[in-house]
Amino acid sequence: MAIANIKSLALAMLMVVASIILISENHKVSAQCQGSVPNLISKCSTFVQKAGPENPPSADCCAVVMGLDIPCVCNLVTKAVENMISMDKAVYVGRTCGLSIQSGQKCGSYTVP
């Protein structure tokens, strides 16, 4: 159950990692966390943008989210990353994709409500 909770936060984290990769072009982060950051960006970025309403993620987005190494991604989340995406929407996407995310879980400095 803890792994499922971590996976739901992974989406938020990978979106952060994706932003980091785009900024620094450091593709080692993608390999480090066993996830495809380019796929995460292309399939999920529209669902975690700060602007706009919560929208249910696509099946393609959920497929990417379910393959993430969430603990790894959560370790890479910084305040700068949290400022780039909506962490609340990232949790929403994870939960909508079927991940069990518990209130009180931490990812970066974000605490799941």
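The values are calculated or read from the model by the stated rules, or taken from the named source; none is laboratory data. Just so it is clear, the model here is predicted, and its values are computed rather than measured. Every residue, glycine as well, gets a Cβ built from its backbone with ideal geometry; the counts of neighbours run over all protein chains shown. The protein model used for the area step is the full one, side chains on, heavy atoms only, and it has no ligands, DNA or RNA in it. Shrake-Rupley method; radii C 1.70, N 1.55, O 1.52, S 1.80 Å.
Table: residues versus (1) open to solvent by less than 50 Å² (accessible area, probe 1.4 Å); (2) of a type outside the set (Gly, Ala, Ser).
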{"position": "Gly52", "(1), (2)": "no, no"}
{"position": "Asn55", "(1), (2)": "no, yes"}
{"position": "Ser58", "(1), (2)": "yes, no"}
{"position": "Lys79", "(1), (2)": "no, yes"}
{"position": "Glu82", "(1), (2)": "yes, yes"}
{"position": "Met87", "(1), (2)": "yes, yes"}
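Do you know which residues across the range 82-108 are modelled with pLDDT under 85 and under 13 Å from the mean Cα position of the chain (by Cα)? Those that are modelled with pLDDT under 85 and under 13 Å from the mean Cα position of the chain (by Cα): Leu99, Ile101.
Taken over the range 65-77, the criterion of being farther than 11 Å from Phe47 by Cβ and either modelled with pLDDT of 80 or more or open to solvent by 50 Å² or more (accessible area, probe 1.4 Å) (or both) is satisfied by Met66, Gly67, Pro71, Asn75. Taking the criterion of being open to solvent by less than 20 Å² (accessible area, probe 1.4 Å) and over 18 Å from Pro57 (Cβ atoms), no residue of the range 89-112 qualifies.
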